[in-house]
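Novice: Below: one structure in structure tokens.
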Amino acid sequence: MNRAEFLSILALGAVKKPAFSATRMHWQNAQTRDFRLLTLPGGKTAMPTWHYGLLVFLHFPGDGSPHFTVIDPEADRIFARVTAQAPEAEEVFPIDLAVFLDRKRFVISAVTRNVKGTRSLWLLFLSSGGQPLHAEKVTPFRPARLAVAPDETVWALGDDVRAGGSPDSTSPVLWHWSSGGQLLHRVLERRLFPQTEPLGEALPPHGDPGLAVSSDRVAVYAPASGVLAEVNPRGEILDIHRPAVPTAPDGSPLSFLGLAVLDRGEIFGAVGGIRRFDRVGGRWSDPETSGALGHGRILFGGFGRQLLINGASGDRFHYRLVTLP
């Protein structure tokens with residue numbers, strides 16, 4: 001069972017653009033560090049995400065595991081095991097977890113089945129020790145992807161469940177809250193993404209949708225519709241791109257396996273290799289085939305000048321941290 005199958009079970013500006021050369025960039029001076037975990041999350045887990053130096057593993061249900069295991073790969077130790085709790089909930093179905101910059105707090109999105117037989121959608125704020133801090137009901141919005149920006153605000157990509165995935169809906173798909181759960185912005189109308197499937201879920205063969213944050217922008221990529229959107233921290237749309245989706249030799253779309261935006265505005269995606277988004281050409285660059293990023297196929301996340309990709313061995317618990325110049 002992959003992450004898409006698992007989550008489907010749970011589901012009911014005017015800012016100057018960074019200037020990039022259209023020339024393909026080779027990161028000859030990048031520094032690398034490999035991590036091969038000896039401390040494992042246990043049970044069956046989805047592909048992890050990387051937040052501020054921590055790997056977040058979502059557990060599949062039914063094996064007695066917590067909802068999430070958070071691992072510090074540098075220390076090779078379990079940082080936290082988390083089971084979400086929500087008010088009046090008879091059962092909690094976790095969707096995603098994001099880490100705050102201070103690594104002392106988490107935020108979880110979840111669906112609950114309540115004691116009265118109804119269902120609700122939540123943002124759950126808690127300490128890294130598991131102590132509940134705040135619960136914010138966000139029904140009818142289903143936050144499928146979460147990210148915490150360096151300014152400690154929370155961004156979520158998802159769908160209004162009332163709209164039923166209608167590609168003509170004007171419901172916003174990107175929501176923004178303060179660190180205490182106050183709604184700040186709702187942006188990017190659903191109709192900008194012409195697909196009938198839910199925005200936040202992985203869709204074969206297109207792969208995983210992406211949500212990534214940096215200090216000056218938020219990037220959203222929906223591989224099924226091929227739309228890449230950029231938004232600033234004030235909730236203003238910077239740009240909407242529609243790059244061609246990279247394809248295999250037989251013409252089929254390549255699966256998208258991770259998105260990151262770094263502190264100079266560069267956007268990276270994993271699709272048939274690690275690619276940089278070329279704003280001048282409006283396209284995904286050719287994949288890196290040599291150097292620090294040459295063997296990369298999965299992009300777990302990024303922050304500052306760093307990307308975490310898969311290690312070269314093929315071991316699913318082998319990771320490479322790449323620090324770009």
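The values are calculated or read from the model by the stated rules, or taken from the named source; none is laboratory data. Quantities reported herein were computed from a predicted structural model and do not represent experimental measurements. Because the Cβ atoms are built from the backbone with ideal geometry, glycine has one as well, and the counts that use them run over all protein chains shown.
Novice: Can you go through Leu211, Leu228, Leu188, Leu254 and tell me which one is out of contact with any Phe, Trp or Tyr (no Cβ under 9 Å at 6 or more places or on another chain), under 18 Å from Leu299 (Cα atoms) and surrounded by 18 or more Cβ atoms within 10 Å (Cβ to Cβ)? Reasoning before the result, please.
Specialist: Values: Leu211 fails: out of contact with any Phe, Trp or Tyr (no Cβ under 9 Å at 6 or more places or on another chain); Leu228 fails: out of contact with any Phe, Trp or Tyr (no Cβ under 9 Å at 6 or more places or on another chain); Leu188 fails: under 18 Å from Leu299 (Cα atoms).
Matching residue, one of Leu211, Leu228, Leu188, Leu254: Leu254.
Novice: Taking strands (runs of 3 or more DSSP E) that do not extend beyond the stretch 219-325, which have at least 3 residues that are within 20 Å of the chain's Cα centre (by Cα) and over 18 Å from Leu192 (Cβ atoms)?
Specialist: On the way: elements: 227-231, 237-241, 256-261, 267-271, 274-278, 299-303, 306-310, 318-323.
Of the strands (runs of 3 or more DSSP E) lying wholly inside the stretch 219-325, those with at least 3 residues that are within 20 Å of the chain's Cα centre (by Cα) and over 18 Å from Leu192 (Cβ atoms) span 256-261, 267-271, 274-278, 299-303, 306-310, 318-323.
Residue-wise test of (1) touching a Leu at 6+ places or on another chain (Cβ under 9 Å); (2) modelled with pLDDT of 95 or more; (3) among the acidic types (Asp, Glu).
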{"residue": "Gly43", "(1), (2), (3)": "no, no, no"}
{"residue": "Phe68", "(1), (2), (3)": "yes, yes, no"}
{"residue": "Asp76", "(1), (2), (3)": "yes, yes, yes"}
{"residue": "Arg81", "(1), (2), (3)": "no, yes, no"}
{"residue": "Phe100", "(1), (2), (3)": "no, yes, no"}
{"residue": "Ile108", "(1), (2), (3)": "yes, yes, no"}
{"residue": "Trp122", "(1), (2), (3)": "no, yes, no"}
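Novice: In the stretch 37-61, how many residues are over 13 Å from Arg77 (Cβ atoms) and either within 14 Å of the chain's Cα centre (by Cα) or surrounded by fewer than 20 Cβ atoms within 10 Å (Cβ to Cβ) (or both)? Before the answer, list the steps.
Specialist: The first filter runs over the stretch 37-61 and keeps only residues over 13 Å from Arg77 (Cβ atoms), leaving 42-52, 56-61.
Subset that is either within 14 Å of the chain's Cα centre (by Cα) or surrounded by fewer than 20 Cβ atoms within 10 Å (Cβ to Cβ) (or both): 42-44, 46-52, 56-58, 60-61.
Adding up the residues that qualify gives 15.
Novice: For the condition surrounded by 18 or more Cβ atoms within 10 Å (Cβ to Cβ), over 16 Å from Val138 (Cβ atoms) and among the aliphatic types (A, V, I, L, M), what is the one hit in Val82, Val107? Explain how you work it out, then say what you get.
Specialist: Values: Val107 fails: over 16 Å from Val138 (Cβ atoms).
Every option except Val82 fails the conditions.
Novice: Could we say that Ala212 is of a type in the set (A, V, I, L, M) and part of a loop (DSSP other than H, G, I, E, B) here?
Specialist: On the way: of a type in the set (A, V, I, L, M): yes; part of a loop (DSSP other than H, G, I, E, B): no.
No: the conditions fail for Ala212.
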